[in-house]
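Novice: After the structure tokens below, expect a handful of questions from me.
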Amino acid sequence: MVMVLRTEVEEKEDFYIHEIMKGKLIIYPTDTIYGIGCDATNEEAVKKIRLIKERNDLPFTVIPPSLEWVKENCEITEEAKELIKKFPGSTLILKLKNKEAVAKQVNLGIDTIGVRIPVHWFTEILQKTNKPIITTSVNKKGEPNMTSMDDLDPDIQVDYVFFEGEKKGSSSKIFDLTGKEVVIKR
């Protein structure tokens, strides 16, 4: 596990983008807490995230490479358009039009997907991969979220930790837009 600070990301941005595209597992900062992720189109990498988190029963959320990717692969309702404007950084659960857009391990065969675009500088790095990236909290099922290196469970092993200090946020709001009405899940 290699710890990477922001200055190094800026100096070697292309290298880290290429590493993520090769299927490396990463821990990275978001606007709320630290996330763990990988290329969401890489079946083997997504399986590794499932094993690390001990999470076999719930789908994962992705950071899309662009809003265009969301429009091409998801059903965008008027409510979704409004929520994207009002609640940047929130997670929207949308119907997935293109099941080939992510690895099967991401959404476990269901026809919905969580989409989140954190309001954070590192999101721009992830989006430069032109791939959806898994975004889920850094913890095992039922354990507290990682907000600093002190919180990192030693059993959670990844290739790179992009660290920027302690995070004081909490998990993002989740809006389910797959039914007739918007449901706030968290």
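The values are calculated or read from the model by the stated rules, or taken from the named source; none is laboratory data. As the structure is a computational prediction, the values presented were derived from the model and not from experiment. All Cβ positions, glycine included, derive from the backbone under ideal geometry; neighbour counts span all protein chains shown.
Novice: In region 102-121, which residues are in a loop (DSSP other than H, G, I, E, B) and of a type outside the set (Asp, Glu)?
Specialist: Val102, Ala103, Leu108, Gly109, Ile110, Ile117, Pro118, Val119, His120, listed by residue number.
Novice: Next question, about the same structure. Hey, can you tell me all the residues within region 31-51 that are modelled with pLDDT of 95 or more and touching a strand residue (DSSP E or B) at 6+ places or on another chain (Cβ under 9 Å)?
Specialist: Tyr34, Gly35, Ile36, Gly37, Cys38, Asp39, Ala40, Ala45, Val46, Ile49
Novice: Return the residue satisfying two criteria in turn: it lies in region 72-96 and is farther than 18 Å from Val183 by Cβ and exposed (fewer than 15 other Cβ atoms within 10 Å of the Cβ), and of such residues it is nearest to the chain's Cα centre (by Cα).
Specialist: Pro88
Novice: Ile133 versus (1) in contact with a Leu (Cβ under 9 Å, 6 or more places away or on another chain); (2) crowded, with 19+ Cβ neighbours inside 10 Å; (3) more than 20 Å from Leu58 (Cα to Cα): which is the lone unmet condition?
Specialist: Among (1) in contact with a Leu (Cβ under 9 Å, 6 or more places away or on another chain); (2) crowded, with 19+ Cβ neighbours inside 10 Å; (3) more than 20 Å from Leu58 (Cα to Cα), Ile133 violates only (3).
Novice: Being without any contact (Cβ under 8 Å) to a residue 24 or more places away in the chain, acidic (Asp, Glu) and either surrounded by 16 or more Cβ atoms within 10 Å (Cβ to Cβ) or not in a loop (DSSP other than H, G, I, E, B) (or both) narrows it down to one of Glu181, Glu124, Glu143, Glu166, so name that one.
Specialist: Unique residue meeting the criteria: Glu124.
Novice: While we're looking at this one, here's another question. Out of all the residues in region 27-50, which are of a type in the set (A, V, I, L, M) and farther than 16 Å from His120 by Cα?
Specialist: Ala40, Ala45, Val46, Ile49
Novice: Among the residues of region 146-181, how many are among the acidic types (Asp, Glu) and in contact with a strand residue (DSSP E or B) (Cβ under 9 Å, 6 or more places away or on another chain)?
Specialist: So the count comes out to 4.
Novice: Counting only residues that are in a loop (DSSP other than H, G, I, E, B), aliphatic (A, V, I, L, M) and within 23 Å of Ile125 (Cα to Cα), how many does region 63-90 have?
Specialist: Total satisfying the criteria: 0.
Novice: Scan region 29-42 residue by residue and report those that are in a strand (DSSP E or B) and touching a Pro at 6+ places or on another chain (Cβ under 9 Å).
Specialist: Those that are in a strand (DSSP E or B) and touching a Pro at 6+ places or on another chain (Cβ under 9 Å): Pro29, Gly35, Asp39.
Novice: Going through region 10-21 one residue at a time, which ones are at pLDDT 95 or above and either closer than 13 Å to Pro132 by Cα or assigned to a helix (DSSP H, G or I) (or both)?
Specialist: Here is the first cut: in region 10-21, the residues at pLDDT 95 or above are 11-21.
If the condition is that a residue be at pLDDT 95 or above and either closer than 13 Å to Pro132 by Cα or assigned to a helix (DSSP H, G or I) (or both), then Glu11, Glu13, Asp14, Phe15, Tyr16, Ile17, His18, Glu19, Ile20, Met21 are the ones that fit.
Novice: Count, please, the residues in region 51-69 that happen to be within 17 Å of Ile110 (Cα to Cα) and buried (at least 19 other Cβ atoms within 10 Å of the Cβ). Show your work before the answer.
Specialist: Pass one, region 51-69, residues within 17 Å of Ile110 (Cα to Cα): 55-62.
Those left that are additionally buried (at least 19 other Cβ atoms within 10 Å of the Cβ): 59-62.
Final tally of qualifying residues: 4.
Novice: Would you confirm, using the coordinates I've provided, whether Val46 is touching a helix residue (DSSP H, G or I) at 6+ places or on another chain (Cβ under 6 Å) and part of a helix (DSSP H, G or I)?
Specialist: yes
Novice: Does region 141-168 hold any residues that are out of contact with any Cys (no Cβ under 9 Å at 6 or more places or on another chain), modelled with pLDDT of 95 or more and aliphatic (A, V, I, L, M), and which are they?
Specialist: Selection gives Ile156, Val161.
Novice: Another question, then. Which residues, counting only those in region 15-56, are aromatic (Phe, Trp, Tyr) and more than 14 Å from the chain's Cα centre (by Cα)?
Specialist: Phe15, Tyr16
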